[in-house]
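Data block below; observations after.
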Amino acid sequence: MAEINETVSRTFDEYLLLPGLTTKGHYPEQVSLKVPVAKYRPGKEEPYCLGIPFTSAAMQSVSGPDLAIALARKGGCSFTFCSQSIEEQAAMVRKVKEHKAGFVDSDSNIAPDDPLSKAIALSKKTGHSTIAVTEDGGRHSRLLGILTDKDYWETKDDPRLPVRYYFTPLERLVCAKEGVSLEEATEILHKEKKECLPIVDDSGNLASLVFRKDYFDHKANPLELTDEKKRLFVGAALNTHDYLKRAETLIEAEADLFCFDSSDGYSEWQKDAALQLRDRYGRKIILGGGNVVSADGFRFLVEEADLDFVKVGIGGGSICITREQKGIGRGQASAVIEVAAERDRYFQETGIYVPICSDGGLNNDTNIIMALALGADFVMMGRYFAMTEESPTPKVNYRGMLYKPYWGEGSSRARNWQRYKESDKDEDAMFFEEGVDAYVPYSGSLADKVDTTLAKLRSTMCNLGVLSMDKLHKNARAVRVSAMTLVESGTSRVEQFERMPTEKL
Ligand code: IMP
């Protein structure tokens, strides 16, 4: 007969945190959100860290290069998805790595004879108010001038006239030569009181643009996560099929973190793949794995597969129907609590700390805070990031509200067959879905969203009387809530005539 574990499988909403003593030294600006991302020996080695405890899910509708760039600028890391060809994934990694902070590849370009209407449409589509005017409208063609929204009035000027009629021509622009440093470019912008500095090569072709606003943006993102060459951080998901070739190509593309993407990581497939990669690359790569929901799953991935971090969570994802389809999984809070306890036991036994990541099912900021307080070192989120401007899907207007498409890697849309098949042998096995194809409300820029969540996290940490993530783990005290406590937690006996739409997200 089956062994029955009588403990109840619980979710984050079933817990509340108790405040600890907040001293006069506990204020949000003092809080450090740095977290280790790879196993290390505390006291003996410096950990390899994320600036904030956030990673984005390795999913087609989440982790494209724009999102990876925006998240790394905030201090987190995206995992580019492996449900695409090796070359496509490597191109994404390269795009992030080539994103030189400050030097922007011009995405909005136009030819001088194009009508103003085309420039206005382009500006609306990309959201860019500065358009480079090049000989043939190409991004690296000969630069002829710049058109900004200050050069025309949409409601007054004739949209049929060519752009050359409105733009600021090259002779009236201040430009700099390719090879100029970012500091020098910033100095020029400052001295010349300009908003944008085009960078051109020796033949006068447009190389990139430097914007005044990016300087302030950079100052506003002190936690930006970069490698030793000051390039933004980016992760890459691997599967257990083409991992040797994929890892080799992604290492060449200089991805910073690797992780197996699997709905069930407690498997010999993952162990074999991890050991082969370790054999080949040693500790030169940071390699995580998962997902597991129990102490024995954690032990297996750490002791037998030698992984650097372990992802926790099966069946909790917002687009996930794994539990419905197959009956496996566990409430995310119970999974995190059990695995975190095992991580701490493993640390007591060996002196090695193995970070864990709570993956999926974080439905709001409180769930994120609870996952971290209950023991996760960092979180991985799909829906949260899919909703942002920077996710790779287009905005869709439905009955006056904006949405973004979001689908599971186990949905037939993703056709990520490798992630969900049982073994290496069943290429032709029957496909059944483990994820749905859906929409999520559009929530604006990633930066604003992450800033809001982090402000709440820092504030909660001050309530608990802690200023660092390891202290949060040590000092957090949580209580279980009753159904009536949940009712009490909402508003009561007041009328709210109108709620801001974001409160419902
Ligand atoms: P979310 O943050 O709740 O949207 O969950 C995202 C997580 O769900 C991912 O990081 C994956 O672990 C998991 N996931 C992604 N696609 C699927 C799927 O199709 N079925 C089940 N789980 C999925």
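The values are calculated or read from the model by the stated rules, or taken from the named source; none is laboratory data. In this text the structure is predicted, and so the values were computed from the model without any measurement. Ideal geometry is used to build each Cβ from the backbone, glycine not excepted, and the neighbour counts take in all protein chains shown.
When 116, 16 are screened for being surrounded by 17 or more Cβ atoms within 10 Å (Cβ to Cβ) and either within 18 Å of the chain's Cα centre (by Cα) or of a type outside the set (Phe, Trp, Tyr) (or both), only 116 passes. Where helices (runs of 4 or more DSSP H) fall wholly inside region 55-154, the ranges with 2 or more residues that are within 30 Å of residue 412 (Cβ to Cβ) are 65-74, 86-98. Flag: residue 138 does not match the condition of being in contact (Cβ under 8 Å) with a residue 24 or more places away in the chain and on the phi > 0 side of the Ramachandran plot.
Report, by residue number, each residue of region 315-337 that is under 18 Å from residue 409 (Cβ atoms) and either more than 10 Å from the ligand (Cβ to nearest atom) or among the charged types (D, E, K, R) (or both). Scanning region 315-337 gives 323, 324, 326, 328. When residues in region 377-397 are screened for being within 13 Å of the ligand (Cβ to nearest atom), in a loop (DSSP other than H, G, I, E, B) and farther than 21 Å from residue 440 by Cα, 0 of them pass.
To keep it simple, each residue is scored yes or no on (1) at pLDDT 95 or above; (2) of a type in the set (A, V, I, L, M, F, W, C); (3) within 29 Å of the chain's Cα centre (by Cα).
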site	(1), (2), (3)
166	yes, no, no
182	no, yes, yes
212	no, no, yes
224	no, no, yes
246	yes, no, yes
275	yes, yes, yes
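Pairs meeting the criteria (first residue in region 206-217 and crowded, with 18+ Cβ neighbours inside 10 Å, second residue small (Gly, Ala, Ser) and in a helix (DSSP H, G or I), beta carbons under 7 Å, at least 6 apart or on different chains) are 210/185. Among the residues of region 268-314, those identified as in contact (Cβ under 8 Å) with a residue 40 or more places away in the chain, of a type in the set (Phe, Trp, Tyr) and either touching a helix residue (DSSP H, G or I) at 6+ places or on another chain (Cβ under 9 Å) or within 16 Å of the ligand (Cβ to nearest atom) (or both) are 298, 309. Being charged (D, E, K, R) and more than 23 Å from residue 362 (Cβ to Cβ) is not true of residue 34. Within region 101-110, is there a residue that is touching a Lys or Arg at 6+ places or on another chain (Cβ under 8 Å) and farther than 26 Å from residue 203 by Cα? No. Candidates 219, 230, 193: the one that is closer than 27 Å to residue 110 by Cα and charged (D, E, K, R) is 193. Filtering region 39-65 to residues that are touching a helix residue (DSSP H, G or I) at 6+ places or on another chain (Cβ under 9 Å), within 15 Å of residue 307 (Cα to Cα) and surrounded by fewer than 24 Cβ atoms within 10 Å (Cβ to Cβ) leaves only 41. Could you grab me the full set of residues in region 67-109 that are out of contact with any Ser or Thr (no Cβ under 8 Å at 6 or more places or on another chain) and within 18 Å of residue 407 (Cα to Cα)? Of everything in region 67-109, those that are out of contact with any Ser or Thr (no Cβ under 8 Å at 6 or more places or on another chain) and within 18 Å of residue 407 (Cα to Cα) turn out to be 82, 83, 84. Filter region 298-320 for residues that are surrounded by fewer than 24 Cβ atoms within 10 Å (Cβ to Cβ) and of a type outside the set (A, V, I, L, M); which is nearest to residue 405 (Cα to Cα)? If we take residues in region 298-320 being surrounded by fewer than 24 Cβ atoms within 10 Å (Cβ to Cβ) and of a type outside the set (A, V, I, L, M), then 318 is nearest to residue 405 (Cα to Cα). Looking at region 229-245, is at least one residue in contact with a Pro (Cβ under 9 Å, 6 or more places away or on another chain) and not aromatic (Phe, Trp, Tyr)? So far as region 229-245 goes, yes, one or more of its residues are in contact with a Pro (Cβ under 9 Å, 6 or more places away or on another chain) and not aromatic (Phe, Trp, Tyr). From the residues in region 348-362 that are surrounded by fewer than 22 Cβ atoms within 10 Å (Cβ to Cβ) and in contact (Cβ under 8 Å) with a residue 60 or more places away in the chain, which one is farthest from the ligand (Cβ to nearest atom)? Of everything passing the filter in region 348-362, 351 is farthest from the ligand (Cβ to nearest atom).
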